[in-house]
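Enquirer: Got a structure here, written out as structure tokens. Questions coming.
What follows is calculated from the coordinates using simple rules that are stated; it is not laboratory data. All of these numbers come straight from a predicted model, not from anything done at the bench. Glycine also receives a Cβ, built like all others from the backbone with ideal geometry; neighbour counts cover every protein chain displayed.
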Amino acid sequence: MKKKVYFKTFGCRTNLYDSQVMMSSMKDYEITQNEEEADAIVINSCTVTNGADTHVRSYISQVEKNNDGAKIFLTGCGAHTKGESLLKENRVHGVFGQSEKNKIDALLKKEQPFYDPGDLNHVDESVVDDFVGKSRAFIKVQEGCNFRCSYCIIPFVRGDARSMDETRILEQITRLALNGFGEFILTGTNVGSYGQDTNTSLVKLMKKISQIRGVRRIRLGSVEPIQISDEFLEILDEPWLEKHMHIALQHTSPQMLKLMNRRNVYKQDRELFELLADKGFAIGTDFIAGHPGESEALWLEGMKNARELPLTHIHAFTYSKRDGTKSATMKPEVNGKVAKERLHEIQDLIEEKNLAFRKAFRGELEILVESYKDGLYHGFDQHFNKIAVESQEDLVGNWINVKDYEVMKEHNYVKF
């Protein structure tokens, strides 16, 4: 009988993809969804903040309590920042970098504790033809980042920006489409930089993907405002492009953007967002509350600007110090309680904007149903808004179109 392996993934969509690569690469082990029966547990870690490292440590403690017979392996970004210390503390059996994930069988078989950080210049050549437990497929198109935002450690643990081979990306999507996947989320450390090192572009790649039989919807992970080029603007009316864009701002105060060493400019961000909104797009962003130097005046300025933007979604979080970054030494620091209050303020604002957007929309919703829970099916529409569906049919994995639905506070609802 094959030994069982449980995968625990923290962090971003790139990590979700890397976990799928490991699952697809395993031949000598069986995947389990029950961590308590696992013989080995692979933790694909995030290290974007000190808090992310704490979550990983807490999870390891949980495993030690509930399944102390399992061997624990650490990979992901945390392998480069906390891997050695966890190994020395005997908290994990093995540590390996992202570039080593295809060797998962051999790594799991190692009897002696090991540390193998891998190569930060590695270009992923993996081809995944299934996604365990998913209706949408995540496609990693690039790795690394050339930006040097003052709060971010990721370029130092993922390396500089480099693009995946286009032929392999298209081959992978072709296989997944044949296996029934219709929605593809293009992901990476800095997705918009795809093609800068290979004399192509993200737009050219998306056009080729759209021509693959079975591809119904293409969605992007987070892109930077300056990466929305004139070439990109030309595809906004394409039916295969999801009517939702996630464009990372991190803040809307010009002075805060300078402190964060960001490349975007609020005035230009606003012009771009208004153009997208006029095209019917829902727009999401990232936002950091409580970054060092964020005075009350700068916060109020940021909120005033955020109110002016046609935002519908937000991935907001309080600043968390990341050792080794420029921001970690900046003063004055913002009180944690104040930072949380600011976080809730920006979140509440965007919730109101999202509700207003859903109430104002009069068109048809194109929904990919992803799961079933508590008597209802759940999925996302073309604006990346949640919808709950009541139906007697088994809809998981299906596409449905609805015109009549109820707009509720947290999501839309339809009886189908």
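Enquirer: How much length is gained if the chain between THR167 and LYS373 is pulled fully straight, taking 0.36 nm per residue apart and subtracting their Cα-Cα distance, in nm to one decimal?
Expert: So the chain would gain 70.4 nm between THR167 and LYS373.
Enquirer: Between GLU64 and ASN335, what is the label-point separation in nm under the 7 Å Cα-to-beta-carbon projection?
Expert: 3.6
Enquirer: Name the lysines eligible as straight-distance cross-link partners of LYS110: C-alpha to C-alpha under 21 Å, and not fewer than 8 places from it in the same chain.
Expert: List returned: LYS2, LYS3, LYS4, LYS8, LYS27, LYS71, LYS82, LYS88, LYS101.
Enquirer: Further question: Just going by the charge dipole of the chain, with Lys and Arg at +1 and Asp and Glu at -1 on Cβ, which of HIS411, CYS77, TYR6 is farthest out on the positive end?
Expert: My answer, from the dipole projection, is CYS77.
Enquirer: Efficiency by 1/(1 + (r/R0)^6): what FRET value for LYS279 and ILE31, r their Cβ-Cβ distance, R0 = 51 Å, to the nearest 0.05?
Expert: E(calc), rounded to 0.05, equals 0.80.
Enquirer: What list of ³J(HN,Hα) values in whole Hz, one per residue of segment 362-372 in order, does the Karplus curve 6.51 cos²θ - 1.76 cosθ + 1.60 (θ = phi - 60°) give from phi, with Gly and Pro shown as x?
Expert: Those phi angles translate into 10, x, 8, 9, 9, 10, 9, 7, 10, 7, 10 Hz.
Enquirer: Tell me, in nm to one decimal, what length is gained between LEU300 and ASN102 on full extension, where the rule is 0.36 nm per residue of separation less the Cα-Cα distance?
Expert: Extra length from LEU300 to ASN102 when fully extended: 66.5 nm.
Enquirer: Let me ask something additional. Along segment 267-282, what does the Karplus equation 6.51 cos²θ - 1.76 cosθ + 1.60 (θ = phi - 60°) give for ³J(HN,Hα), rounded to whole Hz, x for Gly and Pro?
Expert: 4, 6, 4, 5, 4, 5, 5, 5, 4, 5, 4, 4, 8, x, 7, 7
Enquirer: With no solvent and one equal point scatterer placed on each C-alpha of segment 184-326, evaluate the Debye formula and give log10 I(q)/I(0) for q = 0.09, 0.13, 0.21 Å⁻¹, two decimals.
Expert: With no solvent term, the Cα-only Debye profile gives -0.30, -0.62, -1.35.
Enquirer: Any idea how far apart GLU238 and LYS110 come out in nm if each label point goes 7 Å out from Cα toward Cβ?
Expert: Here the modelled spin labels are 4.1 nm apart.
Enquirer: Considering only ALA282, ILE212, SER45, whose Cα is most displaced toward the positive end of the charge dipole of the chain, charges sitting on Cβ of Lys, Arg (+1) and Asp, Glu (-1)?
Expert: Farthest towards the positive pole: SER45.
Enquirer: Is segment 3-116 best put as rounded, prolate or oblate by its Cα gyration tensor, with a ≥ b ≥ c the root eigenvalues, rounded for a/c under 1.5, and otherwise prolate when a/b is larger than b/c, oblate when not?
Expert: It comes out rounded by the Cα gyration axes.
Enquirer: Residues with amide H under 5 Å of CYS77's amide H, sequence separation 5 or more or different chain, H placed in the peptide plane at 1.01 Å from N; which?
Expert: SER45, THR47
Enquirer: Would you please give the residues with an amide H less than 5 Å from that of SER150, counting only those at least 5 places away or on a separate chain, with H modeled from the backbone geometry?
Expert: Residues meeting the amide H criterion: ASN261.
Enquirer: While we're on this one: What does the C-alpha gyration tensor say about the overall shape of segment 278-347? Classify as rounded when a/c is under 1.5, otherwise prolate if a/b is larger than b/c, or oblate.
Expert: Prolate.
Enquirer: Label ILE226 and ASP394 with points 7 Å out from Cα along Cα→Cβ: what is the distance between them in nm?
Expert: The answer from the label model is 5.1 nm.
Enquirer: Which lysines, on any chain, are close to LYS207 with Cα under 20 Å apart, when same-chain ones fewer than 8 places away are left out?
Expert: Straight-distance partners of LYS207: LYS140, LYS243, LYS279.
Enquirer: Give the list, by residue number, of cysteines in the chain with no other Cys Cβ closer than 4.7 Å, or say none.
Expert: Taking the Cβ cut-off of 4.7 Å, the unpaired cysteines of the chain are CYS12, CYS46, CYS77, CYS145.
Enquirer: How large is the charge dipole for the chain, taken about the Cα centre, if only the Cβ atoms of Lys, Arg (+1) and Asp, Glu (-1) carry charge, to the nearest 20 debye?
Expert: Dipole about the Cα centre, nearest 20: 540 debye.
Enquirer: Starting from the amide H of ALA316, placed 1.01 Å from N in the peptide plane, find each other amide H under 5 Å away whose residue is 5 or more places distant or on another chain.
Expert: For ALA316, the qualifying residues are PHE287.
Enquirer: While we're on this one: Whole-Hz Karplus ³J(HN,Hα) for segment 61-71, in order, using 6.51 cos²θ - 1.76 cosθ + 1.60 and θ = phi - 60°, x for Gly and Pro?
Expert: 4, 5, 5, 4, 7, 8, 8, 6, x, 7, 7
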